[in-house]
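J.: The structure's right below; bear with me while I get my questions together.
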Amino acid sequence: MANHGDGICGCLRPDPCPLFLGGMMKAKQTAFFCKECGYESAKWMGQCPGCRQWNTFVEEPTAGSFATTKSGGAKKQGLEASKPLRLEEISTDEEDRSSTGLHELDRVLGGGLVTGSLILVGGDPGIGKSTLLLQVCRNLADQVSVLYISGEESLKQIKMRASRIGTISGELLFLCETNLDTIEEAIRETKPEIVLHLAAQPIVRDSYKDPVYTYETNVIGTVNILECVRLNPCVKSFLNVTTDKVYENREWEYGYREVDRLDGYDPYSNSKSCSELVTHSYRKSFFADGHCAISTCRAGNVIGGGDFANDRIVPDCVRAAMAKKPIVVRNPHSTRPYQHVLEPLAAYLMVAKAQYEDRKYAGYYNVGPDDKDCVTTGELVDMFCNAWGNGLSWENKSDGGPHEANFLKLDCSKLKTTFGWHPRYGVKEAIGLTVEWCQEYEKNGDVVAVMDRQIAEMFQ
């Protein structure tokens, strides 16, 4: 299980998050298709989840008719927008919590889902957000009517995943929607009280290839979600999750603190710095009265099973291990704050809940491992090879890629002092949990069972 779309996330499969509220990305005009089986994805993937073939994805234009809305977004023709309700139509009766059917998730949510609340589940690409949410929807559909809204996934993709997790019955409907106006109307209708924003274009190398899309997604996406929060006073707690790379990196040997200068170097890092500045501006301009508590969390590098993103060291390790080839390491001497994805997830939920109950907890927080777990990429890969076994090895082979920081770690004293928070796992344990999931995936085993057990152990 794993990181960040939006409250809590599962690091299981290479699927985009079905709850798109945290991103509001500009609709892309192309999609990626597997040449072997036709599997569709919003992003390129090295291995096809459908047929498990490597390097089979090609980018092609997408079909469909779109109309421009006043907000500049695209709205699919023929889809009916959500309708606002009259005040007398809104029930104020207190409702009992509804169980998600997942014990540990219920516990994290304080006993289950509350009617009228909104929980955003998010994380890095491929960590299993969609799989987790589809499981929850399947469980709830036997009790109530459920509408599953996908921002990027096609209905075909959803159906393919549904067939992998078991039989779905009950009143469960599916809708694809990315239009800001429609999503804003959905917020008005559902009246969420807590919103977590974690959606992003998260790959540094991709940000060099397509900086415009990166800034549109990470900066304008933040503006969009904050506009929704501003226009809906029902929201009492908002959390923006960014990255450790928001700081101006001076290659200091000590960790960066929340008061240090924000100025990310590459387009991805800089776009997240801008996202923070947007959040700060909205906080001062529109939320000075304190009716909505606003915080940002800056997380270190997360690892976990199910991450198949390109140009990330652990997914690169997994692909090499499955192909029985040496791991290619581009920069073995760079130091990063690596942590298992469940660590920051727990912290995000903690901060969002605390400031909802008392806005004095609103602020800026680093979320990272202890100093001893800030290791070089070479040390991390050594741990991975030892955990994987089978004689796996790696080689140092720089590809002359774009700029990368050499030394980066976080000072998490504020989070520890304020909440008494401490990481549960060291980096070696985090690697072990990641390898466990990936090896189960390689043999077509029960990755859901692995995920459930890892979550249970994390929160016990």
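Each reported figure results from applying straightforward, stated rules to the coordinates on display, with no laboratory input. These numbers were taken from a predicted model, which means no experiment stands behind them. Methodologically, a virtual Cβ is constructed for each residue, glycine included, from the backbone with ideal geometry; neighbour enumeration extends over all protein chains shown.
J.: What residue among TYR361, ALA449, HIS422 has its Cα farthest toward the positive end of the dipole of the stretch 355-453, where the charges are +1 on Lys, Arg and -1 on Asp, Glu, each on the Cβ?
T.: Highest projection toward the positive end goes to TYR361.
J.: Contact order normalised by length for the stretch 237-332, with contacts defined as Cα pairs under 8 Å and 6 or more residues apart; what percent is it? Write out the running numbers ahead of the final one.
T.: Values: 90 pairs, mean separation 30.2, N = 96.
Dividing the mean separation by the residue count of the stretch 237-332 yields 31 percent.
J.: Once the cut-off is 14 Å, how many percent of the Cα-Cα pairs in the stretch 322-368 end up in the long-distance tail?
T.: Numbers: 726 of 1081 pairs.
Here the tail beyond 14 Å accounts for 67 percent of pairs.
J.: Net charge near GLU357, counting Lys/Arg +1 and Asp/Glu -1 over other residues with Cβ under 12 Å of its Cβ? Let's see the in-between values first.
T.: Details: positive: LYS236, LYS353, ARG359, LYS360; negative: GLU193, ASP358.
Summing Lys and Arg as +1 and Asp and Glu as -1 gives +2.
J.: Suppose each label sits 7 Å from its Cα in the direction of the beta carbon; what would the GLU442-LYS397 distance come out to in nanometres?
T.: Once both label points are built, they end up 1.9 nm from each other.
J.: Now for a separate question. With bins 5 Å wide starting at 0, give me the P(r) of the stretch 276-397 over every alpha carbon pair, in whole percents.
T.: 2, 10, 16, 17, 14, 10, 9, 8, 6, 4, 2, 0, 0
J.: Among the chymotrypsin sites (Phe, Trp or Tyr not before Pro) within the stretch 217-260, which fall in a DSSP loop and have no more than 10 other Cβ atoms within 10 Å of their own Cβ? Don't jump to the answer; show the numbers that get you there.
T.: On the way: sites: PHE238, TYR247, TRP252, TYR254, TYR256; in loops: TRP252, TYR254.
Passing both the DSSP loop test and the Cβ count: TYR254.
J.: Just how large is the dipole of the stretch 335-460 about the Cα centre, in debye to the nearest 20, putting +1 at every Lys and Arg Cβ and -1 at every Asp and Glu Cβ? Write out the running numbers ahead of the final one.
T.: Numbers: 13 positive and 19 negative charges, 110 e Å.
My answer is approximately 520 debye.
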